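Okay, structure first, notes after.
The values are calculated or read from the model by the stated rules, or taken from the named source; none is laboratory data. In this text the structure is predicted, and so the values were computed from the model without any measurement. Cβ placement follows ideal geometry from the backbone for every residue including glycine, while neighbour counts extend to all protein chains displayed.
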């Protein structure tokens, strides 16, 4: 499943949820393999196209080369952490409008405030609740509910 | 809760496979993370200022916690969480690592490692895991200086002697109907201030408590002035009584163990407890709780509301006002998702336009459809969609089960053997069918196949190569623990970690190497006081070094301890009845030191719990020699000891020299063969019961293979003698005739033949014959 930069903006037109076209494209940036695997299993099963990156730097590389409809970002990562990743993303013209959800085991108010400050649009705490996670991704990517 | 659409058996199987894959990935990843954490902790202990190590340690523990949350492993999460708090304090410089703390953290890592293995084998943690996790958490919290403030730990430590909380009396009145003697569980739950952000819904959690019989909702601290009121901060405090087993209630609150204190008591004992005064703050909280209940019952989509609230909040952040594209996209997508018309144009709106839109959306919560329904539909649609197995980008390595590589290796082995049939075929073509041309053709093709199979063999062997660091990384912990236990100061220096060798060899070396290191620590390295007397540095150095030497990998363990005392070794050998005094006296010091390799030898005066486990240097030598290697020990009294293990890089292919005995072929490992000579029978001299030959002024003892194999004697005109180097001795072995050298894949005996001594295994020859390979160390 290749993703090309010429695809239409999903914000303008509802993404068709057929079996061939993914509902939306999600980039998971997390250094924990198990978490990546879990999220992508969940999302792929729900009809999303998923890419994975193991740190912010790799995530940024992918974000700059492919189109995504949503970033799912961990905080604690080597090389480039989630805050730095989002800050970079929000600085970049093409990526500014892509919603991002931060996902971490941190529950402190400061962490959360910092996440929003860095450019996150939502914050989910690990352990991931699959129902909540999927609902969030659906809402944030504009996948029709009805 | 929504119900999942029924799955077809195929989908169920796919789900189960995914779950298994996830669990396997978790176990493996946790193993690696624990190893890394161990390493980081040790380097931190050596160098407390190593910020990089603290961060690495924190990150590892953090990752484990995050991944463990995907499974039902509350005990593991609880322990790791407590450890993480401690590490957080270390990272922020609030706490310094000392030996005791390191012990505690290492013990915690070990426990998590054990649980990880139990999770792998049993799919769950033992029943007592939560109890253990609590005691670790209490230990860690005590170190943090918080004591057992959360109460959980204290309650867990002595569940029967816990004082009833002051509010127990209140509960008693409500529970009047309770039968005398009925047990209830009292819980006080003070959610985290930031719990709303974490997606917790404390009220729902409380209301779902099994056997909930009484509930009181209050505040943790008095409500602030309205100006300072922060609707995002949770200030609620719940007190409840539940008629349910303690375990069930504990399990219910398993993800917030830090926020609850829990007591089990007899219902009729409660009324005797002092009644707690209901403060004004408590009364006020009732309204807040009512509001919370009302909100809970609202027929709206809570996640959409949360998401909208989050956008509203983000919009008001000072740094975000100028950059709202993502917020707009989020809100716009949310609208589309919920079937609400987007009230603004396609152009990007500013913060001023966006804010009222979000407020309006928040105001029309009632009209927002229930998300649960929508999710059902989404999930329903999704379940019909085939899984996209498109690989994620990023990974450049491939994890392969060892079994698959072994199969590949075996096939290569068969190919090597099968290819050996071609020269026989070429000979047959020429001699039996008289076609010299065909013979040459076959030989040409053979050369090509030979080259390819050799490359294939190297490639497969290369896959099996792994760096010795995989073996070495376990030792810093071992050395540290032993040194600490024996009160010795030891610095472990590791060199040449990147040296590679065959996986099987690396794995087989773990035990002997552990033993050698233990020996150095137990017997070689002195306590600081003794070292000072000897004029040595307090800090002993233990060096573990690996390097490649030709086709071999060499691993050295070098210590600067007291060395092996030859006198002591001599005395011990005599005392143990291993050698008589006369022979021992004839040995040089260097030779005497080698006596430690004799079976049944141990120099430890007192058997410590560390070494002296019945595994001696003889066992080390046996393992190393089984893999075709050797062990050399050098020791200088007072200066230290070096143990050198030398092993072939790869054990897959063995080069042997075939020898002929009464028409049968046998294999002799080529690396033992020094030279081949033919001598007249007269030059073999008889010395008492044994024979010897003088070759270039060296007296070489002679052994006859026919005697050893129980064959009849044979007297040719010229004796064929193989000069062999076995261990440190040179031996001449009389055989019938020399064959050729060849590469074989040695297959060890299995089944009832596995105990057969004198042979190390078999190999199939190109013409289908079976070659028995002699184990010379055993028969000589």
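Quick check on region B:117-127. Is at least one of its residues surrounded by fewer than 21 Cβ atoms within 10 Å (Cβ to Cβ), within 12 Å of another protein chain (Cβ to nearest Cβ) and part of a loop (DSSP other than H, G, I, E, B)? No - not one qualifying residue is present in region B:117-127.
What about residue A:134, is it more than 9 Å from chain B (Cβ to nearest Cβ) and either part of a helix (DSSP H, G or I) or crowded, with 19+ Cβ neighbours inside 10 Å (or both)? It is false that residue A:134 is more than 9 Å from chain B (Cβ to nearest Cβ) and either part of a helix (DSSP H, G or I) or crowded, with 19+ Cβ neighbours inside 10 Å (or both). Among the residues of region B:90-100, the ones that are in contact with a helix residue (DSSP H, G or I) (Cβ under 6 Å, 6 or more places away or on another chain) and in a helix (DSSP H, G or I) come to 2 in all. Among the residues that make up region B:731-743, is at least one of them modelled with pLDDT of 85 or more and assigned to a loop (DSSP other than H, G, I, E, B)? Within region B:731-743, one or more residues are modelled with pLDDT of 85 or more and assigned to a loop (DSSP other than H, G, I, E, B).
Screening residue A:35 against (1) modelled with pLDDT under 90; (2) outside any helix (DSSP H, G or I); (3) buried (at least 21 other Cβ atoms within 10 Å of the Cβ) leaves a single unmet condition, (2).
Within region B:244-264, being touching a strand residue (DSSP E or B) at 6+ places or on another chain (Cβ under 6 Å) and either part of a strand (DSSP E or B) or modelled with pLDDT of 80 or more (or both) holds for B:249, B:253, B:260, B:261, B:262, B:263, B:264. On the stretch given as region A:97-106, residues that are at pLDDT below 90 and more than 7 Å from chain B (Cβ to nearest Cβ) total 3. Condition test on residue B:506, is it in contact (Cβ under 8 Å) with a residue 12 or more places away in the chain, within 17 Å of residue B:46 (Cβ to Cβ) and within 22 Å of the chain's Cα centre (by Cα)? When the stated conditions are applied, residue B:506 does not pass them.
In region B:327-345, the residue that is surrounded by the fewest Cβ atoms within 10 Å (Cβ to Cβ) out of those that are touching a helix residue (DSSP H, G or I) at 6+ places or on another chain (Cβ under 7 Å) and not in a loop (DSSP other than H, G, I, E, B) is B:338.
Check whether at least one residue in region B:278-300 is modelled with pLDDT of 75 or more and within 14 Å of another protein chain (Cβ to nearest Cβ), and report yes or no. No, region B:278-300 contains no residue that is modelled with pLDDT of 75 or more and within 14 Å of another protein chain (Cβ to nearest Cβ). Select from region B:379-411 the residues that are at pLDDT 50 or above and buried (at least 16 other Cβ atoms within 10 Å of the Cβ) and write down the one among them that is nearest to the other protein chains (Cβ to nearest Cβ). Only one residue tops the list, namely B:408.
Looking across region B:10-44, the residues that are away from chain A (no Cβ under 13 Å) and closer than 30 Å to residue B:480 by Cβ come down to B:34, B:35, B:37, B:38, B:39, B:41, B:42, B:43, B:44.
Sort through A:91, A:114, A:109 and tell me the only one that's out of contact with any helix residue (DSSP H, G or I) (no Cβ under 8 Å at 6 or more places or on another chain) and more than 7 Å from every other protein chain (Cβ to nearest Cβ).
Result: A:91 is the single residue among A:91, A:114, A:109 that is out of contact with any helix residue (DSSP H, G or I) (no Cβ under 8 Å at 6 or more places or on another chain) and more than 7 Å from every other protein chain (Cβ to nearest Cβ).
Listed by first and then second residue, the pairs with beta-carbon distance under 9 Å, at least 6 apart or on different chains, first residue in region B:670-687 and exposed (fewer than 12 other Cβ atoms within 10 Å of the Cβ), second part of a loop (DSSP other than H, G, I, E, B), are B:680/B:717; B:680/B:718; B:681/B:715; B:681/B:716; B:681/B:717; B:681/B:718. Give the residues of region B:412-440 that are exposed (fewer than 13 other Cβ atoms within 10 Å of the Cβ) and modelled with pLDDT of 85 or more, sorted by residue number. B:431, B:432, B:433, B:434, B:436, B:437, listed by residue number.
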